[in-house]
Amino acid sequence: MIFIGLIITLLGFALSVASLGMASSVNARLVMVVAGIAVSLFGIMGILNPAYLKNAIWRK
């Protein structure tokens with residue numbers, strides 16, 4: 001599950017960076033960057049955080 005979260009987070013980052021080459025207008029780049037940030041936050045907060053909390057140190 002951790003690897004899936006890392007992949008989704010990196011895909012969000014790649015989407016944000018790819019907006020530089022894919023869109024020429026500022027509004028299109030803004031939409032793509034916001035979408036990339038949303039995907040990255042989903043990967044971090046939605047997948048990585050619960051995976052780490054499942055094996056937390058204080059639960060042992």
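Bear in mind these aren't lab numbers, they're just calculated from the coordinates by the rules spelled out. Bear in mind that the values here come from a model prediction, so they are computed numbers and not experimental data. Glycine gets a Cβ as well: all are built from the backbone with ideal geometry, and neighbour counts include every protein chain shown.
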When the helices in the chain are scored as -39500 (n - 2.57) per DSSP H run of 4 or longer and the sum is shared across all residues, what 222 nm value do you end up with, to the nearest 500 deg cm²/dmol?
-> -23000 deg cm²/dmol
With springs only between Cα atoms under 10 Å, which of 24, 16, 40 fluctuates most in a Gaussian network model of the chain?
-> 24
Just the Cα atoms of the chain, one point each, no solvent: what log10 I(q)/I(0) does Debye give at q = 0.13, 0.14, 0.18, 0.29 Å⁻¹?
-> -0.40, -0.45, -0.61, -1.02
Dividing the mean separation of Cα pairs under 8 Å (6+ apart) by the residue count of the chain yields a relative contact order in percent of 48 percent
What nm distance separates the two modelled labels at residue 14 and residue 26, each placed 7 Å from Cα along Cα→Cβ?
-> 3.0 nm
Note, ³J(HN,Hα) from phi for the range 18-26, Karplus 6.51, -1.76, 1.60, rounded to Hz, x at Gly and Pro | 5, 5, 5, x, 8, 10, 9, 8, 5
